[in-house]
Amino acid sequence: MNTNVTSNKAVNSWIAEMVELVKPSNIVLIDGSEAQAEQLRKEACSTGELIKLNEEKLPGCYLHRTAINDVARVENRTFICTRNKEDAGNINNWMDPQECYAKLSKLYDGSYKGRTMYVIPYSMSVVGSDFAKYGIELTDSIYVVLNMLIMTRVGLDVLEALGDSADFIKGLHARADIDEENRYICHFPEDNTIWSVNSGYGGNVLLGKKCFALRIASYLGRKEGWMAEHMLILGIENPEGEVKYICAAFPSACGKTNLAMLIPPEVYKKKGYKTWCVGDDIAWLRVGKDGRLWAVNPENGFFGVAPGTNENSNPNALHTAMRDAIFTNVCHNLDDNTVWWEGLDSNPPKNARNWKGEMWDYTKYDKADKVNTSGAHPNSRFTAKAINCPCLSDKFNDPAGVPISAIVFGGRRAKTAPLVYQSFNWQHGAFIGSIMASETTAAAAGAVGVVRRDPMAMRPFVGYDMGDYWAHWLNMGKLAANAPKIFHVNWFRTDDEGHFIWPGFGDNMRVLMWILARCDGTVGATETAIGYVPNPDDINIEGLDIDKATLTELLSVDKELWLEDCRGIKEFYAQVGERTPKEYYDELAALEARLSK
Ligand code: OXD
Ligand code: MN
């Protein structure tokens, strides 16, 4: 078999080595052309890997079902394989690289027999830009190829840009037996390598996304002086046409895609405000010549959670997903060959297959047992092209990225965190990021609804020691003379009956407007023990069914709850271990002192 797929010797010899391991029957280089993609779609439809959906209602759209045991990222089977265990840190799972290569080689051995190896050259960020990093993913899955074609920039121009350099991320994926006992998502940051085996679920197999653009990139960013973060990027345009950008980090499935595609509430729309989406999941940030942080979204599409997406919650996402999209594990409406998911509308299809492919009876739906009774899996997804997004920023493909005014951290806290507060400075802001916490969701396998610490929303995505990552944050604040201001928001505060108090969705813009006004220095705030909190009069509630008293409650800080939280933070810092920077302990001590005053 000819393994000389390119003119790059490093690429060819690596492919030859992998071919010897997985033993495919042939090799196909993915060139990024529509003709090749169409041929692969046809092939996948002929084998049942994809189902072509109603061309009139959902042009260019397909449905795919993963194995029932393979529906989410698997953090307990995700490893960072550094030569020294300490470099992976206490929060990551670690395996010795040689041991891991040996163990996984046994699983890969011959796993492509009778199958095709697809070679996908891809770029994270605009090809040829200062931000760009290149990868090649080898896979035996057409579904992976078609998703990578949407999520990243794929094609021969990537190989051209790479030239004869060996500086690319080597990704090997094999579906093997989709055996969960032998599922491994392994990262070798010191070798620019990612190995993923026995899964077909997006977050585990679209190696450009979490594996490369966060875990490997965070490692590279620390080495090279930039940042890879689990953040959306949103532009807010004022009536004068000036656009300010924010980055926001939220744990998985906390509404990042909704915020990234937010539609301004009437009160701002009528004045001429507009919002623009640059990214919904990942931001790479570099210090510009002006000392500001400049951000790009390294991806080229959205891998959004379908359930809950509807005309009210996120019309932009819905429209984005209505053409050229791949739906994974949603409900299949057999009457008109379309798709449905919980929260799309209140008309569940009567003649439908659920995410498992079984005939589905919507009357049996039980909120307490969603996985087994819902039409769509709670973590079902759409993979959609960024260019189809009605509110896509015209800076989306700008190689320079966009300058960031504010960084916003957020979590899902019922009582502790107020609607919004501002850090005193960069170091305090990084501390606020480090103490982020949220309830777990369906995006990762495991228990749902448990509160866990998720610093900077990066807990599952830092490719090295968490303490070192926190130190890197401090360094970046020093490198960026005009660093963004840092804030924390909480859309999820509940009343005593457990109902959300803040309306959320588009109305979150009211909070973002306060944040931008703080960046401009045009609005005041009250200094509290945890940071600067808005004066209730400074959040615009015109047109909302919320009164000043409720807003005051949303902005309140319960010192007892916070002191209790400090105990949890201390435990977490101890768990992160001895590389937790002293500055973070100083901030914690100062917070406790202010709370006890
Ligand atoms: C995602 C996640 O899929 O964070 O974006 O889980
Ligand atoms: Mn994410």
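May I ask for the net charge around N84, where only other residues with Cβ less than 13 Å from the Cβ of N84 are counted and Lys, Arg are +1 while Asp, Glu are -1?
So the environment of N84 carries a net charge of -3.
Other residues with beta-carbon under 10 Å from the beta-carbon of V11 carry, at +1 per Lys or Arg and -1 per Asp or Glu, a net charge of +1. A convex hull fitted to the Cα coordinates of region 303-403 yields 115 cubic angstrom per residue.
Once both labels are positioned 7 Å from their Cα atoms along Cα-to-Cβ, the gap between E311 and T47 label points is 3.9 nm.
Placing unit charges on each Cβ (+1 for Lys and Arg, -1 for Asp and Glu) gives region 510-597 a dipole about its Cα centre, and among L544, Y532, P581 the Cα reaching farthest toward its positive end belongs to P581. Rounded to the nearest 20 debye, the dipole size of the chain about its Cα centre is 400 debye, using +1 on the Cβ of Lys and Arg and -1 on the Cβ of Asp and Glu.
With the full set of protein chains in place, find how many percent of the accessible area of the chain is carbon and sulfur; take the probe as 1.4 Å. Don't skip to the answer; put the middle values down first.
Numbers: 10690 of 22600 Å².
For the chain, the apolar C and S fraction of the accessible surface comes to 47 percent.
Taking the Cα centre of region 302-388 as reference, the dipole from Cβ charges on Lys and Arg (+1) and Asp and Glu (-1) amounts to some 220 debye. Label zone (K289, point 7 Å along Cα-to-C-beta; backbone nitrogen cut-off 11 Å) within region 236-250: none.
Once you divide the Cα radius of gyration of region 48-190 by 2.2 N^0.38 Å, the number left is 1.20. Every helix of 4 or more DSSP H residues in the chain counts as -39500 (n - 2.57), and over all residues that averages to -8000 deg cm²/dmol at 222 nm.
May I ask you to derive the relative contact order of the chain, considering only C-alpha pairs under 8 Å and at least 6 residues apart, and to give it as an integer percent? Write down the numbers at each step before the final one.
Numbers: 1310 pairs, mean separation 86.8, N = 597.
In percent, rounded to a whole number, it is 15.
Taken one residue at a time, the phi angles of region 184-189 give Karplus couplings (6.51, -1.76, 1.60, θ = phi - 60°) of 9, 10, 10, 10, 10, x Hz. Gly and Pro are set to x. Close amide H contacts of G301 (hydrogens built in the peptide plane, cut-off under 5 Å, sequence separation of 5 or more or a different chain): A386.
How high is the FRET efficiency between K548 and V371 when r is their beta carbon distance and R₀ equals 45 Å, given to the nearest 0.05? List each step's numbers first, then the result.
Numbers: r = 42 Å, r/R0 = 0.93.
The value I calculate is 0.60.
How large is the translational diffusion coefficient of the chain in µm² per second when you combine the Kirkwood radius over alpha carbon pairs with Stokes-Einstein at 20 °C and 1.002 mPa s? Could you put the intermediate results ahead of the total?
Values: Rh = 24.6 Å.
It diffuses with D of about 87 µm²/s by this estimate.
Subtracting the Cα-Cα distance of N535 and D167 from their residue separation scaled by 0.36 nm leaves 127.4 nm. What separates the Cα centres of region 202-250 and region 407-432 is a distance of 18 Å. Residue by residue, region 581-597 carries 3J(HN,Hα) couplings of x, 4, 4, 6, 5, 4, 5, 5, 5, 5, 4, 4, 5, 5, 5, 7, 5 Hz when phi is fed to the Karplus relation 6.51 cos²θ - 1.76 cosθ + 1.60 (θ = phi - 60°); x denotes Gly or Pro.
Segment T363..E571, full-extension length gain: 70.4 nm, with 0.36 nm per residue of separation and the alpha-carbon distance subtracted.
Solvent exposure of region 302-388 amounts to 41 Å² per residue of accessible area, where only protein heavy atoms count and the probe is 1.4 Å.
The values are calculated or read from the model by the stated rules, or taken from the named source; none is laboratory data. Remember, predicted model here, so these are calculated numbers, not experimental data. All Cβ positions, glycine included, derive from the backbone under ideal geometry; neighbour counts span all protein chains shown. Calculation scope for accessible area: heavy atoms of the full protein, side chains included, ligands and nucleic acids excluded. Shrake-Rupley method; radii C 1.70, N 1.55, O 1.52, S 1.80 Å.
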